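Engineer: One structure, as structure tokens, below. Some questions next.
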């Protein structure tokens with residue numbers, strides 16, 4: 001008798017796109033080192049030449065941080081793209097399987113929106129790779145922005161088409177959506193996808209110096225941000241009564257914290273929009289207003305995280321779906337809130353506290369607060385590595401098969 005091995009990922013779910021998303025988000029956490037620690041005069045983001053200058057003349061600690069950041073970005077961006085293409089290939093097989101029609105006729109259909117969500121993150125990760133590793137990119141960046149806007153536009157169209165199909169079904173076929181089984185925020189997946197497209201659009205608003213490009217980015221990012229806000233509000237209104245009556249669905253409990261990454265990407269989008277309005281259209285936002293906006297977002301995220309973790313602990317989520325015997329693809333959703341909080345903390349410190357003079361850059365207070373962001377990043381790196389081993393390593397005994 002020969003013994004075969006299987007892995008959790010062999011039971012495919014579109015939620016595995018969240019693995020690609022998590023790797024891309026972790027790459028962004030390493031880019032935060034460069035964004036807020038490396039001087040980058042002349043452009044709103046650090047580029048290859050800024051990193052080269054630091055490596056040549058910077059202090060030892062900053063040289064080390066730059067090497068760590070660049071290495072982390074490279075490794076995680078590769079993981080992000082590998083997982084994206086793996087998911088796209090597996091999804092094609094999944095969509096051709098006999099059970100796909102029943103899947104699309106259930107509440108779980110919105111899981112498909114994890115695909116444009118992951119694609120949008122990969123486009124963002126690709127742009128970060130270019131900034132960090134391509135010499136002279138900033139000299140030709142204006143030619144790249146229209147291509148980026150097109151990529152995000154196509155990704156947004158895909159998200160709208162998939163969400164539109166779901167809406168047509170549930171609004172024209174009475175009873176096709178099970179409200180009582182909607183005991184989570186799983187239906188916020190489309191909002192997350194729209195928000196990721198919005199923040200992608202807004203990059204050109206912050207970085208371009210061409211008014212038409214900035215204007216297109218402002219309009220596109222605003223459209224998808226409004227789509228995210230409307231969908232998230234509707235999903236929350238629909239889900240809360242079911243959760244209050246029937247409790248939170250245990251396997252979907254991580255979705256209670258999906259508001260954290262949605263708020264982070266929308267907050268970054270607003271910062272980028274403000275920069276574009278200031279640099280191109282002479283619209284000014286006071287630094288203290290940015291501090292207050294980021295503080296409100298961070299407060300809401302902390303409250304959502306506290307509530308979500310309380311439910312996860314009460315339900316014993318970890319014992320069941322993390323280190324227990326029932327791996328769940330939805331566990332990859334746990335990476336997003338930690339990554340989002342780490343990134344938002346860096347923005348709150350750099351664009352809020354430091355920008356308003358409340359905290360001096362590289363002071364003990366600066367590093368004390370930054371240490372929280374770094375601890376969250378380390379925890380999410382460990383969780384990503386563990387989940388990748390749990391779901392993708394061929395270590396699970398399967399069935400006994402006859403020897404050939």
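Engineer: Subtract the Cα-Cα distance of residue 74 and residue 142 from 0.36 nm times their separation in residues, and report this length gain in nm to one decimal.
Structural biologist: On the way: separation 68, 0.36 × 68 = 24.48 nm, distance 2.37 nm.
Fully extending the segment from residue 74 to residue 142 adds 22.1 nm.
Engineer: Let me ask something else. Just round it to a whole percent: the fraction of Cα-Cα distances in segment 170-309 exceeding 23 Å.
Structural biologist: 43 percent
Engineer: Sticking with this one: Residue 367 to residue 229: extension gain in nm, 0.36 nm per residue of separation minus the Cα-Cα distance?
Structural biologist: On the way: separation 138, 0.36 × 138 = 49.68 nm, distance 3.36 nm.
Gain on extension, residue 367 to residue 229, equals 46.3 nm.
Engineer: Which residue fluctuates most in the GNM of the chain (Cα springs below 10 Å): 109, 289, 49?
Structural biologist: 289
Engineer: Right, here's the next one. Using the alpha carbon gyration tensor of segment 273-323, what are the three equivalent-ellipsoid semi-axes (square root of 5 times each eigenvalue), largest first, in whole Å?
Structural biologist: Values: eigenvalues 322, 30, 6 Å².
So the equivalent ellipsoid measures 40, 12, 5 Å along its semi-axes.
Engineer: Using the number of other C-beta atoms within 10 angstrom as an exposure proxy, rank 351, 287 with the fewest first. Provide the component values of the computation, followed by the final result.
Structural biologist: Numbers: 351 22, 287 13.
The most exposed by this proxy come first: 287, 351.
Engineer: Still on this structure, I have one more. Per residue of the chain, what 222 nm ellipticity follows from adding -39500 (n - 2.57) for every DSSP H run with n ≥ 4, rounded to the nearest 500?
Structural biologist: -24000 deg cm²/dmol
Engineer: For segment 296-335, what is Rg from Cα atoms divided by 2.2 N^0.38 Å, rounded to two decimals?
Structural biologist: In units of the globular-protein estimate, segment 296-335 measures up at 1.34.
Engineer: Build a GNM of the chain with springs between Cα atoms under 10 Å: which of 337, 39, 254 gets the top mean-square fluctuation?
Structural biologist: Of the options given, 39 has the highest mean-square fluctuation.
Engineer: Taking all pairs of distinct Cα atoms, average 1/r, flip it, and tell me the Kirkwood hydrodynamic radius of segment 22-81 in Å to one decimal place.
Structural biologist: 11.6 Å
Engineer: Contact order normalised by length for segment 96-170, with contacts defined as Cα pairs under 8 Å and 6 or more residues apart; what percent is it?
Structural biologist: Once divided by the residue count of segment 96-170, the mean separation gives 50 percent.
Engineer: If you fit an axis through the alpha-carbon atoms of helix 211-246 and take the longest principal axis of the Cα set of the chain, what angle between them do you get, 0 to 90°, nearest 10?
Structural biologist: 40 degrees
Engineer: Mind checking the angle between helix 114-133 and the chain's longest principal axis? C-alpha axes, 0 to 90 degrees, to the nearest 10.
Structural biologist: 30 degrees
Engineer: Expressed in nm to one decimal, what extension gain is obtained for the pair residue 307 and residue 168 from 0.36 nm per residue of sequence separation less their Cα-Cα distance?
Structural biologist: Answer, rounded to one decimal: 46.8 nm.
Engineer: A further question follows. Regarding segment 131-222, what whole-number volume in Å³ per residue does the convex hull of its Cα atoms give?
Structural biologist: 113 Å³
Engineer: Further, regarding this structure: For the chain, what does the equivalent ellipsoid look like in terms of its semi-axes, each the square root of 5 times an eigenvalue of the Cα gyration tensor, given largest first in whole Å?
Structural biologist: Values for the chain, descending: 35, 25, 22 Å.
Engineer: Convex hull over the alpha-carbon atoms of segment 328-381: what's its volume per residue in Å³?
Structural biologist: On the way: hull volume 2.9 nm³, N = 54.
That works out to 54 Å³ per residue.
Engineer: Against the longest principal axis of the chain, how steep is helix 287-315, in degrees 0 to 90 to the nearest 10, with axes from Cα atoms?
Structural biologist: Long axis of 287-315 versus the principal axis of the chain: about 20 degrees.
Engineer: Right, another one. Please report the relative contact order for segment 1-138, taking Cα pairs under 8 Å with a sequence separation of at least 6, and give it as a percent rounded to a whole number.
Structural biologist: Relative contact order for segment 1-138 comes out at 41 percent.
Engineer: Give me the distance in nm between label points sitting 7 Å out from Cα along the Cα-to-Cβ direction at residue 101 and residue 355, one decimal.
Structural biologist: 5.3 nm
Engineer: Just want to confirm a number: the relative contact order over segment 8-395, from Cα pairs under 8 angstrom separated by 6+ residues, in percent.
Structural biologist: Numbers: 531 pairs, mean separation 76.0, N = 388.
Computed over segment 8-395, the figure is 20 percent.
Engineer: Based on alpha-carbon centroids, what's the gap between segment 291-328 and segment 249-285 in Å, whole number please?
Structural biologist: Comparing the Cα centres of segment 291-328 and segment 249-285, I get a distance of 19 Å.
Read-outs throughout are calculated quantities, based only on the coordinates presented, and are distinct from any laboratory measurement. As the structure is a computational prediction, the values presented were derived from the model and not from experiment. For neighbour counting, all protein chains shown are included, and Cβ atoms are generated from backbone atoms with ideal geometry for every residue, glycine included.
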